[in-house]
Each structure stands twice: as C-alpha cells, then as structure tokens.
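Student: Have a look at this one before I ask anything.
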Amino acid sequence: QFLPTATRTFDPDADMRRALQSAARYLSEAATLAPESDESHLRLGRVLHRLGQIDRAAAELDLVRGRAVDGTLKYLAALFQASLESARHRPERAANLYLEALATVTAQSALVGLSHAYYEMGRGEEAGQTLQNVFRLPSNHPDPWFAYIAGDAWHADTRLKAMRALVIRPPVIRR
C-alpha cells in the first residue's frame with residue numbers, strides 16, 4: 001500500500017520472519033486440534049527450526065520420527081532433525097539421523113547431508129564415497145524433500161482418486 005506520508009521499506013528478512021511466525025501459529029493450532037496429524041507436527045518442527053526455536057523443533061520432529069507410519073514423513077523428520085543437529089554443531093548425531101533417513105528412503109538430500117556430516121567429523125574419504133552415491137541414483141529417483149518444498153504434491157494421487165470416486169459414483173434414483 002502506498003501512502004504519500006510514509007514509505008514502506010523492503011525488508012525481506014523481517015517479512016520472512018513474520019510469515020514463519022504466522023505459519024507457526026497456524027501449524028501449532030493444527031497440531032493441537034489434530035494431535036495425531038504427523039504432517040502438522042513435521043511442518044511445525046521445520047518452521048520452528050527456521051525460527052531458531054531449536055528445542056521445540058526437536059520435540060516435534062522426535063514425535064514424528066517415533067510414531068509415523070508413512071515412510072515419507074519418517075524420512076523428512078529424520079532429515080530435518082539431522083539438519084537441526086548439524087546447526088547445533090553435532091555432526092555425529094546428524095550423521096546418525098541421516099543414516100536413519102536413508103534406512104527409510106535412499107534419496108539425494110540425505111546422502112548429501114550425510115556426506116557433509118562425515119566431512120565435518122574429519123572423515124573425508126567417507127564423505128567423498130557417500131557423495132558419489134548421489135550420482136549412482138537414477139536421474140528420475142524421487143526425493144521426498146522435493147515434494148515437501150512443492151507443498152502437498154505427495155497427496156495428489158490419493159486426493160484425486162477420492163475426488164474421482166465422488167464424481168463417478170452412480171446417482172441415487174429415488175422412486
């Protein structure tokens with residue numbers, strides 16, 4: 001909004017922080033209203049990490065890692081918590097979490113993270129070998145991280161199927 005008496009300054013960091021705080025409020029409410037929703041807890045953990053609320057983020061991600069049945073959510077929770085531990089300068093813990101993620105899904109993001117953790121631990125040869133595994137993945141190999149940043153993409157098939165079922169259901173004829 002343009003006001004002739006005031007100039008709005010462009011501050012992308014402040015704008016991002018406000019957006020993350022708003023997301024944290026909504027996700028916290030969603031996690032409270034539906035405590036069984038692992039996706040709400042996963043996304044809340046990620047947003048809290050971005051806001052620097054590390055202990056709260058770790059608690060949310062631990063919850064998802066411990067109870068999620070969905071492999072994608074387990075992978076992402078371990079991946080996000082590994083990133084959090086890396087930011088805490090705990091490369092050994094990060095490496096263990098990347099290995100946990102890889103036990104669920106072998107994907108590029110966890111391999112790159114594991115390579116970095118090994119490098120931080122002074123294990124250069126293992127870091128290089130781990131990174132080479134990225135190049136051995138098929139070019140069309142899915143990584144849940146890419147679906148996560150794209151939004152609800154991983155739900156597209158099941159949601160489309162449910163919507164199609166509603167549309168193609170035969171009409172009820174009343175006599």
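The values are calculated or read from the model by the stated rules, or taken from the named source; none is laboratory data. Note that the coordinates shown come from a computational prediction; the quantities given were computed from them, not determined experimentally. Every residue, glycine as well, gets a Cβ built from its backbone with ideal geometry; the counts of neighbours run over all protein chains shown. What goes into the accessible areas is simple: the full protein's heavy atoms, side chains included, and nothing from ligands, DNA or RNA. Shrake-Rupley method; radii C 1.70, N 1.55, O 1.52, S 1.80 Å.
Student: I need every pair where a residue in segment 44-58 that is in contact (Cβ under 8 Å) with a residue 12 or more places away in the chain has its Cβ under 7 Å from the Cβ of a residue that is part of a helix (DSSP H, G or I) and charged (D, E, K, R), sequence separation at least 6 or different chains.
Tutor: What qualifies is Leu44/Glu60; Gly45/Glu60; Leu48/Arg56; Leu48/Glu60.
Student: Criterion first (within 13 Å of the chain's Cα centre (by Cα) and of a type in the set (Phe, Trp, Tyr)) does Phe80 satisfy it?
Tutor: Here the answer is yes, as Phe80 does meet what is asked.
Student: Can you list residue pairs whose Cβ atoms sit under 7 Å apart, with the first residue in segment 120-149 being under 16 Å from Ser109 (Cβ atoms) and outside any helix (DSSP H, G or I) and the second being hydroxyl-bearing (Ser, Thr, Tyr) and modelled with pLDDT of 85 or more? Count only pairs 6 or more apart in sequence or on different chains.
Tutor: Asp143/Ser109
Student: Among the residues of segment 118-141, count how many are touching a Phe, Trp or Tyr at 6+ places or on another chain (Cβ under 8 Å) and surrounded by fewer than 12 Cβ atoms within 10 Å (Cβ to Cβ).
Tutor: Residues flagged as touching a Phe, Trp or Tyr at 6+ places or on another chain (Cβ under 8 Å) and surrounded by fewer than 12 Cβ atoms within 10 Å (Cβ to Cβ) within segment 118-141 amount to 1.
Student: Give segment 86-117 a look and list any residue that's open to solvent by 10 Å² or more (accessible area, probe 1.4 Å), more than 20 Å from Asn140 (Cα to Cα) and in contact with a Pro (Cβ under 9 Å, 6 or more places away or on another chain), or say none.
Tutor: His116
Student: Confirm whether Pro144 is open to solvent by less than 40 Å² (accessible area, probe 1.4 Å), modelled with pLDDT under 95 and touching a helix residue (DSSP H, G or I) at 6+ places or on another chain (Cβ under 7 Å).
Tutor: The answer is yes for Pro144.
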